[in-house]
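Below is one structure, written out as structure tokens; the observations come after it.
Please treat every number below as a calculation from the coordinates, not as lab data. Everything numeric here is computed off the predicted structure, so don't read it as measured data. FYI the Cβ positions are ideal-geometry reconstructions off the backbone, even for glycines, and counts take in every protein chain you see.
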């Protein structure tokens, strides 16, 4: 086994950023990625499931709830919708039932600011002008304006977007500044090695520090390193630690617990025929993030709303028919359903999601084959959050005449979410979390978890920029301590 200074598991935001900064400082870095390596020329504008599974790993739980993770070199930065927000002040303040702040004092708005600055510069993140907002965003803004609510332009890492509506399958025009355009080239230019199609199974103390075992093309291989950074994403990072638990007996009992999908809950709306000049609006056009965010309810209710575009006819999934709303057909097939879709698609459909400061309500576990599953953890606080959210959103529909409804039944809340937080959460002690303020695993020197799973609580905004800032900080702290 060739020894490295650091082996990094996963090439999304957490993995690519730490790889770039540590390689830039002269460390010997190996980056292992579960999925394939694809370049821009390999990306496609399609909903072909075989292709989608190359870009996105859809983890379907035993309870039939599905969550999206990145599945190629570059991780979630390839299919994500481009929104990059700093944590607002309120997101630093939530506490647990004992009054303990989820965010340690060392991780404050001021202390993280330089790391946010570095990421925003590297990824060319900017606030969009109104001239670049797709019509889906305009319809959303018009709806909110009619109830006296405001919204503002989002901050994204797109340049000269063509509004084609295939952001979630990877941009074939190189208009999105992903890890493949930024940190990975920097890492490789400084000697880092990237190995694709490497499914890490376990991390074991040994050698100069740790031994990482992984499957490549069905063959079990091992590599050793002084340091290991687990950055395999919000589901797969806790799964790696859980598979390694017999080798790491002093792990925190919080590994896998507290899974939080950032309070995400999606809604679909059907605009009344007289809502606006709808002939010029096509819901399938425009970048997947429709370029706006409403903060109107954040201070009082703790949630934001953000619209989507590029909506395919599959927005009318069978689950939607279970919603009790008079505008819907009685079933999701047959002639009645066909005529309904013909009437409302593509000029009268809008979609948007809520993100909020909500408690976790699931846990990452392992099935009999050692693969990740997610179990329900009943949470009255999360249920209360959804009750308030749905009440407010459905009232918007009542006031505007827009037929609004959750896009899935309550039991599937968060399904297809890519905001997979907190299952290896930061905390000051192992009694409260898995990693410390530097993202180092409690009780295991030089073993780190740095990705969505280490974010200690929901944010109410897209977590990509916060994950990135934490990765910049983690790399800086590793270099400081030597």
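Here is how the numbers come out for the structure above:
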read-out	value
Relative contact order (%) - the chain, alpha-carbon pairs under 8 angstrom, separation at least six	24
Cα-based Rg of the range 166-242 normalised by 2.2 N^0.38 Å, two decimals	1.33
Overall dimensions of the range 110-170 as given by Cα atoms, namely Rg and Dmax in Å	14.7, 39
Three-way shape call for the range 385-482 based on the alpha-carbon gyration tensor, with the a/c threshold at 1.5	prolate
Degrees between helix 135-145 axis and first principal axis of the chain (Cα, 0 to 90, nearest 10)	70
Folded to 0 to 90 degrees: helix 109-122 orientation relative to the chain principal axis, Cα	80
Taking N as its residue count, the alpha carbon Rg of the range 322-453 over 2.2 N^0.38 Å	1.45
Interatomic Cα distance distribution for the chain, bins of 10 angstrom, percent	4, 21, 32, 26, 13, 4, 1
For the range 358-380 and the range 211-240, distance of Cα centres in Å	21
Quarter of the Cα convex hull surface for the range 52-129, i.e. its orientation-mean projected area (nm²)	8.7
Approximate shape of the range 1-95 as ellipsoid semi-axes (Cα gyration tensor, √5λ), whole Å, largest first	25, 23, 15
On Cα atoms only, tilt of 334-344 relative to the major axis of the chain in degrees	90
Rounded, prolate or oblate (a/c below 1.5 giving rounded, otherwise prolate when a/b exceeds b/c) for the range 19-66 by Cα gyration tensor	oblate
Most to least packed among 234-246, 166-178 [average Cβ atoms within 10 Å]	234-246, 166-178
Taking the range 385-447 and dividing mean pair separation by its residue count, relative contact order in percent (alpha carbons under 8 Å, at least six apart)	14
Ascending count of other beta-carbon atoms within 10 Å, so fewest first, for 130, 295, 103	130, 295, 103
Taking the range 331-482 and dividing mean pair separation by its residue count, relative contact order in percent (alpha carbons under 8 Å, at least six apart)	18
Cα convex hull of the range 264-398, projected area averaged across orientations, nm²	10.9
